[in-house]
Amino acid sequence: HSANIEGGIESFLARRSPRFRRNMRRAQRQAHGAGLDFDYICEVKEEEVAPLYERILRIEAKSHKGADASGILLDPMRSFYAHMLPRLARRGSLRALFATMDGHDVGYVFGGVMGATYRGLQMSFDQAHGSLSPGNLVQGAMIEALAEEGVRTYDLGSDIDYKRRWADGGLETAAL
């Protein structure tokens, strides 16, 4: 699934259903009132990759994936991203965004940019803050940051139900 993000979050939201827009606006207001902030990282030096990945893993451990002992906490995914993130950083392609509250990370999304396309790789959030919709909010904040950077397409990746609401259409890809 992919989404056109030219024009930023407002343009993106204009193509979503009224219910999607209403829920996103409500989540944005609640998050603002709760003191949720966003930390967009678009330039990562090689020595910053390991601490960034540890930050991601700490959030993942508090997510539903952590509770289920799934996701990137376990190999082979853990090792895969441990090798991939430095490569993306060396190319200047790594993008990450964290949702923080009171100095603590509560959500993340990360991926890579190639040309005018961002490929989302992973996203998760601390279940304790689920009522704030941090998953939706990090996606929305990432769209805004990427659009400001000139990225035009957000490739959401494989077919999972929630991604359909975020997408404008599909892409067919092949894993090599």
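The values are calculated or read from the model by the stated rules, or taken from the named source; none is laboratory data. All values derive from a computational prediction rather than experimental measurement. Cβ coordinates were reconstructed from backbone atoms using ideal geometry, including for glycine residues, and neighbour counts include every protein chain displayed. SASA here: full protein model, heavy atoms, side chains in, ligands and nucleic acids out. Shrake-Rupley method; radii C 1.70, N 1.55, O 1.52, S 1.80 Å.
Among the GluC sites (Glu not before Pro) within the range 84-176, those in coil by DSSP and having at most 15 neighbouring Cβ atoms inside 10 Å are Glu172.
Gain on full extension, evaluated as 0.36 nm per residue between Ser11 and Arg58 minus their Cα-Cα distance, stands at 13.6 nm. Taking the chain as a Gaussian network of alpha-carbon nodes connected by springs under 10 Å, the highest mean-square fluctuation of the residues Ala34, Ala96, Ala61 belongs to Ala34. Suppose R0 equals 25 Å; then what is the FRET efficiency for Asp168 and Thr100 from their Cβ-Cβ distance, rounded to the nearest 0.05? That pair, Asp168 with Thr100, gives E of 0.25. Shape analysis of the chain places it in the rounded category; the axes a ≥ b ≥ c from the Cα gyration tensor give an a/c below 1.5.
Summing Lys, Arg as +1 and Asp, Glu as -1, what charge do residues with Cβ under 12 Å from the Cβ of Arg15 carry, Arg15 excluded?
On the way: positive: Arg16, Arg21, Arg165; negative: Glu6, Glu10, Asp168.
Its environment carries a net charge of 0.
Which FRET efficiency value, to the nearest 0.05, do you get for Ser70 and Asn23 by plugging their Cβ-Cβ distance into 1/(1 + (r/R0)^6) with R0 = 25 Å?
On the way: r = 26 Å, r/R0 = 1.04.
The computed FRET efficiency comes out at 0.45.
Net charge near Leu132: determine it from the other residues with C-beta under 11 Å of the C-beta of Leu132, scoring Lys and Arg +1 and Asp and Glu -1. Net local charge, Leu132 excluded: +1. Taking label points 7 Å from Cα along the Cα-to-Cβ direction, Asp161 and Tyr40 give a separation of 3.1 nm. If only the Cβ of Lys and Arg carry +1 and only the Cβ of Asp and Glu carry -1, the dipole of the chain around its Cα centre is close to 620 debye. Per-residue packing, averaged as other Cβ atoms within 10 Å, sorts the ranges 41-48, 21-28, 114-121 into the order 114-121, 21-28, 41-48, beginning with the highest.
Per residue, the accessible area of the chain comes to 54 Å², computed with a 1.4 Å probe over protein heavy atoms only.
Below 8 Å between Cα atoms, with a sequence gap of 6+, how large is the relative contact order for the range 1-147 in percent?
Numbers: 201 pairs, mean separation 43.9, N = 147.
Here the relative contact order equals 30 percent.
One equal scatterer on each Cα of the range 16-71, no solvent, Debye formula: the resulting log10 I(q)/I(0) at q = 0.25, 0.26, 0.29 Å⁻¹ is -0.94, -0.95, -0.99.
The charge dipole of the range 59-121, taken about its Cα centre with unit charges on the Cβ of Lys, Arg, Asp and Glu (plus for the first two, minus for the last two), comes to roughly 380 debye. Across the accessible surface of the chain, with the other protein chains kept in place and a 1.4 Å probe, carbon and sulfur atoms take up 51 percent.
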